[in-house]
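Below is one structure, written out as C-alpha cells, with a few remarks after it.
The values are calculated or read from the model by the stated rules, or taken from the named source; none is laboratory data. This is a predicted model, so every value here is computed, not measured. No Cβ is skipped: glycine too gets one built from the backbone with ideal geometry, and neighbour counts run over all protein chains shown.
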Amino acid sequence: MRNGWVVVGALGCALSAVPAQARITGIEVTSVEPFADGAEFGSAGSYERVVGTASGELDPADPANAGIVDITLAPRNARGMVEYKTDLFILRPKDPARGSGTLLFEVLNRGRKFLFNWVLDAPAQAVQAVNDPKTATDAGTGLVLRRGYTVVWSGWEADALRQQGGMAIDVPVATRGGKPIVEVVRDELVSATRGPPEAPFYLTFKVASQDKARAQLTVRRREADPPRPVPSDAWHYATPRQIELLPKGTKPLPGSLYEFTYQATEPKVLGIGFAATRDVVAYLRGEGGGTLNPAGGTIRHTLALGISQSGRYLRDFIQQGFNRDEAGKRVFDGVLSHIAGVGGVFLNSRFGQPSRTNTQHEDHLYPENMFPFSAAAQHDPVTGRTGRILREDGFDPLMIEANTGTEYWQKGASLLTTDPLGRTDVPLPDSARAYLVSSGFHYGRAGLASTKGPCANPRSSLNPAPAVRALLVALEEWVKAGKAPPESRVPRLSDQTLVEAADIGFPFMVGVPVPTAPNAIARFSTYVDPRPESGLQYRPLVPRVDADGNEVAGIRLPAVAAPRATFTGWNLYADPFPAGALCDREGSQIPFAHTRAERDAAGDPRLSLEERYPDADAYIAAVAKSVDALVSDRLLLREDGDRMIEAARQRTP
C-alpha cells in the first residue's frame, strides 16, 4: 500500500478477486507510475498514472441493458452473460486523502484524450491529443489536478485506433443462429478534407464477398450533386477492408464524395460502449472492491466531459437511459458537453459508424441530428414526437452545453434553445445551461496557427478553452455546493441575435467569401439509400454579428470584446476542393488593418487598430475591462484573465 492506495506488485496481475459490482468483474493494472516526476499540484499534491484494463459482463435480460442493440445476439459465457474488456487510464492523487473526492471522466474522442490540449492548453503530442500524459507540460494549466480530481478514461469505441496511446474496447460480434450476419451498408469515402489523401480507401467493415457484382462505387463533386457510377474496372479490392482506384496509383479528386455500397459482415455489438462507461464509473465511484478499487472508495461526486464526438456521445448516453446504473443509482452528477451541437453518435445500431460527423459537405446523410435536440421538453411538429435529452426519471445529471459559432453553422446548435422550426425561444429547465463561445470555432485550442489549409480564408486561432475551464469549475460548484452556474448565454430570437444566414450583418470585404446557408438538418429514410423526406423541415439559425463581423451574443472572450481581428465559426472550401461549401468545422480569421490609410486603400469597413487603440495602454485597458466583467460573471477564471492581461501587455496595438 502506498499512502492509502493499493499498488499491484506484478505487472499484468488481474484483480480477479474483486467482487462484481456494476458488472465490473475484474481490474487488471499493468502499471502504476509517478506522474510528472512527482510534481506537486496545489493542495492535491503529486499524482500517479494507473494504466490497465477493466473486464465486465452484462445480463441481456436486465432492463438496464435491454436497449443495447443486438445484445441478445452476442455470445454468452457459462453464466449467460455477455463479456467485454476495455482499456483503462487513471490519474489519481498519490495520497487519496488529499484529493477532492471528485471523479472527472473524459469521454474519449475516437480513442484520444482531448482534455489536456483542448481544455488545458497543453501542446499536443500527436493526432490532436495528449494521449500518454507523463509530464507537467502535458498537464497544461494543471487546473483539474490542482482541484484534486481523479481523472479517468476508458474505451467505448470498438474500432478506435490503439496506436499512439489510443484507447478502445473489445466487444463481441453479433451472430444469428451461430451464423454470420450480412447486411448492405454504405461508406462515404473522402480524400484530403479531414486528413491526408487516401489511396486506397479504408472501409468501415469487412466485406462479406469480394464479388464486385454485390457492390457499387459512385462519385459526386458536391453533396447535392447526383452520384455517378464508377465502372467496376476502375476500382478493385486491395483487401477485404480496402478498395483502390485503378489504374493503380490513381488518386481521388480532393473533396469529392465517393460512396461505396456493399455487403458487410461481422457487426460488433457497439452499444456495449455505453454500458461499459456506465459500469466503469459506477464501480469507481462505489465502495466495491475495497482497497482494490483504483479510486479507493474516495469518490463522492462524478463529472463527465465530452468534446465534439464525445459530447454527442454524452447526449445519447443520457437520453438512452445509461445514466442510471444497474443498481438504480445515478452515474454522472454533472455533464459538460462541448462543441456537440444537437447531435448524437451513430453507435447503438447494427453496423453503426460512430466516427462519422455530419457537415454540410461530408457525412451529411448519416444518422446524427435527430429529435429530441434540447434538454427542454418539446413537441416536434416534423415527426409528431415529444421528447427531450434529459429524461426526468430521477437520474438526470446537471447539464452544461457549450458550443462555438461552428456548431450553429454546421451542427444545428440553435435548436438547443428554440423550437424545432426555429420560430420561438425555448427556456431550458433549471438543471440545464447552454452557452455560445462567441466567434469561436470547432477546432479551437491553444497554439493553432492561422493557416488556410483547404479553406478560402485564413484559419481562426481563437481559443475557447478559457471559457470551457470556467464552465467546468461552475459545473463542479453546481454539483458539490448547489451553486447554480451563470444563466445561459446564447443568441435568441427575442433580441434578434439569432437570425437567418442572410441576415447576419457581416461586413463586406473584398476577397472574403461569406456562406449563404448553414448545414441543413437532413431528414431521410435510411442511410444506406438516403432519400430526403419532404414536408416540414427543421430550421437551424445562426448568430448575428457586429460591425466587425464578430458574434454579438454569448461569452465574448477578450479576443472578441477587445478585438484585433474578425473571428468566425465558419470558413469555405477553396479549389481544388468544392469551392463555396462550408469548409468542414473550420473558422476564419481576418485581421484588422493597422492604420486608417491601410483600411481605406483596401476598402475595409472595419476600424483599424490605430483607430480603436490610440496606444498600448488603451488596448490593455480594453482587455482588462473584458476580463473583469467575465470573471465577475464566473465565465472566466481569474488566473486565465491575468494571463490574458499579461499577454496584452506583450503586444502593441
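So, in segment 221-265, of the ones that are out of contact with any Asp or Glu (no Cβ under 8 Å at 6 or more places or on another chain), of a type in the set (A, V, I, L, M, F, W, C) and without any contact (Cβ under 8 Å) to a residue 40 or more places away in the chain, which residue ends up farthest from Thr193 (Cα to Cα)? Step by step, filter segment 221-265, then rank; the result is Ala234. Restricting segment 480-508 to residues that are touching a helix residue (DSSP H, G or I) at 6+ places or on another chain (Cβ under 8 Å), in contact (Cβ under 8 Å) with a residue 24 or more places away in the chain and part of a loop (DSSP other than H, G, I, E, B), the residue that is farthest from Arg544 (Cα to Cα) is Ala484.
Any residue that is among the acidic types (Asp, Glu) and in contact with a Gly (Cβ under 7 Å, 6 or more places away or on another chain) - is there at least one of those in segment 274-296? Yes, segment 274-296 has at least one match.
Quickly run through segment 483-504 and pick out the residues that are of a type outside the set (D, E, K, R) and in contact with a Lys or Arg (Cβ under 8 Å, 6 or more places away or on another chain). Walk me through how you get there before you give the answer.
Our first condition is that a residue be of a type outside the set (D, E, K, R); within segment 483-504, this holds for 484-486, 488, 490-491, 493-494, 496-499, 501-502, 504.
Result: Pro485, Pro486, Ser488, Pro491, Leu493, Gln496, Thr497, Leu498, Val499, Ile504.
Does segment 474-519 hold any residues that are aliphatic (A, V, I, L, M) and surrounded by 15 or more Cβ atoms within 10 Å (Cβ to Cβ), and which are they? Before the answer, list the steps.
We begin by selecting, within segment 474-519, every residue aliphatic (A, V, I, L, M); these are 474-475, 479, 481, 484, 490, 493, 498-499, 501-502, 504, 509-510, 512, 514, 517.
Those that are aliphatic (A, V, I, L, M) and surrounded by 15 or more Cβ atoms within 10 Å (Cβ to Cβ): Ala474, Leu475, Val479, Val490, Leu493, Leu498, Val499, Ala501, Ile504, Met509, Val512, Val514.
Whether a residue is assigned to a loop (DSSP other than H, G, I, E, B) and in the same structural domain as Glu33 (by TED's automatic domain parsing) was assessed, and Leu161 passes this test. Scanning segment 148-163 for residues that are over 19 Å from Arg112 (Cα atoms) and either touching a helix residue (DSSP H, G or I) at 6+ places or on another chain (Cβ under 7 Å) or without any contact (Cβ under 8 Å) to a residue 40 or more places away in the chain (or both) yields a single hit, Gly148. Scanning segment 55-94 for residues that are part of a loop (DSSP other than H, G, I, E, B) and under 19 Å from Val331 (Cβ atoms) returns Asp59, Asp62, Ala66, Gly67, Ile68.
Remark: pairs (first residue in segment 629-653, free of Cβ contacts under 8 Å to residues at least 12 places away in the same chain and at negative phi; second residue among the basic types (Lys, Arg) and in a helix (DSSP H, G or I); Cβ separation under 9 Å; 6+ apart in sequence or on different chains) = Val631/Arg638. Among residues of segment 402-421 that are buried (at least 24 other Cβ atoms within 10 Å of the Cβ), those with a beta-carbon under 6 Å from a residue that is part of a strand (DSSP E or B) and of a type in the set (S, T, N, Q) at least six positions away or on a different chain give the pairs Ala413/Asn403. Which fully enclosed helices (runs of 4 or more DSSP H) of segment 582-633 have 1 or more residues being modelled with pLDDT of 95 or more, of a type in the set (S, T, N, Q) and not assigned by TED's automatic domain parsing to the domain that holds Arg221? Hits in segment 582-633: 616-632.
Residue check: is Arg241 outside the structural domain of Gly155 (by TED's automatic domain parsing), within 30 Å of Phe89 (Cβ to Cβ) and either more than 28 Å from the chain's Cα centre (by Cα) or surrounded by 14 or more Cβ atoms within 10 Å (Cβ to Cβ) (or both)?
On the way: outside the structural domain of Gly155 (by TED's automatic domain parsing): yes; within 30 Å of Phe89 (Cβ to Cβ): yes; either more than 28 Å from the chain's Cα centre (by Cα) or surrounded by 14 or more Cβ atoms within 10 Å (Cβ to Cβ) (or both): yes.
Spelling it out, Arg241 is indeed outside the structural domain of Gly155 (by TED's automatic domain parsing), within 30 Å of Phe89 (Cβ to Cβ) and either more than 28 Å from the chain's Cα centre (by Cα) or surrounded by 14 or more Cβ atoms within 10 Å (Cβ to Cβ) (or both).
Of all residue pairs spaced 6 or more apart or on separate chains, none has beta-carbon atoms under 6 Å together with a first member in segment 454-475 that is among the polar types (S, T, N, Q) and a second member that is buried (at least 24 other Cβ atoms within 10 Å of the Cβ) and in a helix (DSSP H, G or I).
Taking the criterion of being in a loop (DSSP other than H, G, I, E, B) and of a type in the set (S, T, N, Q), the residues of segment 99-138 that qualify are Ser100, Gln125, Gln128, Asn131, Thr135.
If you scan segment 265-312, which residues turn out to be of a type in the set (Gly, Ala, Ser) and not in a loop (DSSP other than H, G, I, E, B)? Even if it seems obvious, please write down each step before you answer.
Step one: of segment 265-312, the residues of a type in the set (Gly, Ala, Ser) are 271, 273, 275-276, 282, 286, 288-290, 295-297, 304, 306, 308, 310-311.
Of everything in segment 265-312, those that are of a type in the set (Gly, Ala, Ser) and not in a loop (DSSP other than H, G, I, E, B) turn out to be Gly273, Ala275, Ala276, Ala282, Gly290, Ala304, Gly306, Ser310, Gly311.
For every residue, the table says whether it meets (1) out of contact with any helix residue (DSSP H, G or I) (no Cβ under 7 Å at 6 or more places or on another chain); (2) free of Cβ contacts under 8 Å to residues at least 24 places away in the same chain; (3) assigned by TED's automatic domain parsing to the domain that holds Leu475.
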{"site": "Asp37", "(1), (2), (3)": "yes, no, yes"}
{"site": "Ser46", "(1), (2), (3)": "no, no, yes"}
{"site": "Gly67", "(1), (2), (3)": "yes, no, yes"}
{"site": "Thr72", "(1), (2), (3)": "yes, yes, yes"}
{"site": "Arg98", "(1), (2), (3)": "no, no, yes"}
{"site": "Gly111", "(1), (2), (3)": "yes, no, yes"}
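Going through (1) surrounded by fewer than 24 Cβ atoms within 10 Å (Cβ to Cβ); (2) in contact (Cβ under 8 Å) with a residue 24 or more places away in the chain; (3) closer than 24 Å to Leu88 by Cβ one by one, Phe332 falls short only on (1).
Do we have Gln309 as touching a helix residue (DSSP H, G or I) at 6+ places or on another chain (Cβ under 8 Å), modelled with pLDDT of 95 or more, closer than 30 Å to Ser191 by Cα and polar (S, T, N, Q) here? Spelling it out, it is not the case that Gln309 is touching a helix residue (DSSP H, G or I) at 6+ places or on another chain (Cβ under 8 Å), modelled with pLDDT of 95 or more, closer than 30 Å to Ser191 by Cα and polar (S, T, N, Q).
Looking only at residues in segment 115-135 that are closer than 21 Å to Ala470 by Cα and more than 17 Å from the chain's Cα centre (by Cα), the one that is surrounded by the fewest Cβ atoms within 10 Å (Cβ to Cβ) is Pro123. Among the residues of segment 164-181, those identified as farther than 15 Å from Phe89 by Cβ, touching a residue at least 12 places away in the same chain (Cβ under 8 Å) and part of a strand (DSSP E or B) are Asp170, Val173, Thr175, Arg176, Pro180. Take the conditions in contact (Cβ under 8 Å) with a residue 12 or more places away in the chain and over 19 Å from Trp156 (Cβ atoms) and apply them to Leu104. Does it pass? So Leu104 fails the test. Quick check, is Tyr313 crowded, with 24+ Cβ neighbours inside 10 Å and in contact with a Pro (Cβ under 8 Å, 6 or more places away or on another chain)? Yes; evaluated as a whole, the condition is true for this residue.
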